[in-house]
Amino acid sequence: MTPAALTTGAIVRHQSRRAYGVPTVGALIGPVGLSVRAWREWTHTDHRPSVVANTIDTDDLLAEWVAAAFATSTPAGLAGVWLAAVTKRAPDAVAAEFGRMTRYDLDTLRRSLPFDANEPGPTAAFLILFDRANKIEPDPIRFVRELGEATRTVRAVVELYPPELWPALLLVPPTGAGADLYLGAARALERISTAEPRLPVALALTSDDFAALVARHSDARAVALLREGFVELRGVSGNELRANLCAAGIDPPPATVDRLSADGVAAVVASAFVAASRSVRSPTSEDIESDFRSVHEAFLFEQLESMPQTAGLFRPNHPLNFRHGHATAEGDLVAETLMLAVEVDGGFYHLNADQYRRDRRKDWLYQRNGYLVLRFLAEDVVSELELVLDTILEAVAQRRASIRPTGVA
């Protein structure tokens with residue numbers, strides 16, 4: 001059985017425990033990139049939404065989870081379904097009243113309910129309905145702050161959303177944050193799991209960070225939960241990747257191999273990297289895959305899918321909301337929520353002046369339509385990977401900061 005299959009099997013066993021109401025916190029231990037890929041591959045196979053949170057702040061963690069839940073279905077629609085159920089009225093009739101109800105009307109209705117309106121479910125439903133009455137979008141950060149604590153936030157979402165829409169949560173704290181902060185992360189997941197045992201949650205740590213956590217806080221209940229949910233991850237080692245490159249007649253670029261090894265190299269990423277390296281050495285028009293224009297794009301996408309800051313963020317060959325020439329424009333890799341695009345210029349298709357002019361016109365169209373565009377040479381994706389990834393991460397952080405609601409810390 002392959003390492004990936006063993007990992008998936010362990011995660012499935014954890015979910016079986018959750019189905020019986022046993023609080024379970026998965027501990028994915030090994031290179032972080034492998035943890036991210038394993039979690040996302042399992043949730044994809046299980047047809048379940050997921051979120052990878054790269055933070056040690058509990059409010060930020062919950063806000064990312066709530067945002068992922070909001071993305072699965074319109075919050076106001078589910079709040080309306082909830083309201084119809086508790087008032088024993090037809091959902092269509094309740095929905096029809098939304099357009100006419102003011103905040104005062106909603107507050108009057110809230111006070112008339114025959115139960116405690118301060119419980120998590122009613123509080124969440126009316127927060128969302130008040131926003132609808134005020135014609136504003138629900139804000140996950142404000143939602144978390146209004147609910148007040150982790151258990152109330154989890155219970156609120158669970159009461160409004162059906163189980164198949166609960167996002168599976170993987171927490172990836174910054175590497176090297178320290179055992180005390182990792183304990184705080186583990187305790188946050190413990191509270192979430194206790195509030196709703198059926199919700200899939202897991203913590204990703206390197207082997208060294210997990211060992212430090214256990215050594216310093218061996219008696220903590222949250223650490224005991226992690227031990228029960230322990231899963232060791234192994235991927236392609238740096239030596240194996242070098243051997244694969246040498247076998248393909250490629251001189252391994254040391255910095256790139258080191259970066260990949262540090263993040264954790266899944267088999268699919270290793271294969272994509274070898275193919276991209278081979279293509280840089282001998283570019284042809286045949287290096288095209290079903291979902292990508294080039295093997296360089298495929299490799300960069302797979303690596304971004306393995307990083308907690310970018311997993312699930314980019315889409316390949318994504319159609320854009322403007323035309324380029326006579327057709328709808330497409331971006332090589334597009335993060336639509338951040339209005340960020342990454343273009344990979346391969347040698348075979350970017351050799352002449354006409355193509356250069358076409359690319360510059362497309363850059364202007366990106367800018368005119370509010371996108372930030374990053375361009376990289378295909379050969380740099382292979383030989384200067386660290387610079388490429390650091391640039392993308394900086395742009396992602398900048399765009400995320402720019403879309404945070406005004407006044408939110």
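Bear in mind that the values in this text are calculations on the coordinates, not laboratory data. Source: prediction; values computed, not measured. We place every Cβ from the backbone using ideal geometry, glycine too, and count neighbours over all the protein chains shown.
Under the rule of -39500 (n - 2.57) per DSSP H run of 4 or more residues, summed and divided by the residues of the chain, what mean residue ellipticity at 222 nm is obtained, to the nearest 500 deg cm²/dmol?
-17500 deg cm²/dmol
If the chain between Asp46 and Glu240 were fully stretched, how many nm would it gain, using 0.36 nm times the residue separation less the Cα-Cα distance? Present the calculation step by step, with values, prior to reporting the outcome.
Details: separation 194, 0.36 × 194 = 69.84 nm, distance 3.07 nm.
Separation in residues times 0.36 nm, less the Cα-Cα distance, equals 66.8 nm.
For an R0 of 41 angstrom, estimate the FRET efficiency from the Cβ-Cβ distance between Ala90 and Glu330 and round to the nearest 0.05. Write down the numbers at each step before the final one.
Details: r = 44 Å, r/R0 = 1.06.
With a Förster radius of 41 Å, E is 0.40.
Starting from the Cα of Arg145, step 7 Å toward the Cβ, then list every residue of segment 55-80 with an amide N under 15 Å from that point.
Flagged as within label range: 58-64.
Using 7 Å Cα-to-Cβ label points, what is the Ala177/Arg368 separation (nm, one decimal)?
For Ala177 paired with Arg368, the spin-label model returns 4.4 nm.
Place +1 on the Cβ of every Lys and Arg and -1 on the Cβ of every Asp and Glu in the chain, take the dipole about the Cα centre, and give the residue among Thr206, Ala255, Ser50 whose Cα lies farthest towards its positive end.
Of the options given, the answer is Ser50.
Given q = 0.09, 0.13 Å⁻¹, what are the Debye log10 I(q)/I(0) values for the chain, with equal point scatterers placed on the Cα positions and solvent ignored?
For the requested q values the scattering log ratios are -0.64, -1.16.
Of the peptides 306-312, 160-166, how do they stack up when ordered by the mean number of other Cβ atoms within 10 Å, highest first?
Descending packing order for the listed peptides: 306-312, 160-166.
Give me the number: length gained by fully extending Asn317 to Phe230, i.e. 0.36 nm times residue separation minus the C-alpha to C-alpha distance, one decimal in nm.
Length gained between Asn317 and Phe230: 27.6 nm.
Using a 7 Å offset from the Cα along the Cα-to-Cβ direction at both Thr391 and Asp258, what is the distance between the two label points in nm, to one decimal?
2.1 nm
Quick one: putting +1 on the C-beta of Lys and Arg, -1 on the C-beta of Asp and Glu, what dipole do you get for the chain around its Cα centre, in Debye to the nearest 20?
1100 debye
So, in nm, how far is label Glu97 from label Asp251 when the simple model puts each one 7 Å beyond its Cα toward the Cβ?
That separation, rounded to one decimal, is 7.6 nm.
Highest mean first, what order results for 242-252, 115-125 on Cβ atoms within 10 Å?
The packing order, highest mean first, is 115-125, 242-252.
Give me the dipole magnitude in Debye, nearest 20, for segment 75-153 about the Cα centre, with unit charges on the beta carbon: positive for Lys and Arg, negative for Asp and Glu.
Roughly 140 debye, rounded to the nearest 20.
Give the angle, between 0 and 90 degrees and rounded to the nearest 10, that separates the Cα long axis of helix 238-247 from the longest principal axis of the Cα atoms of the chain.
Roughly 40 degrees, rounded to the nearest 10.
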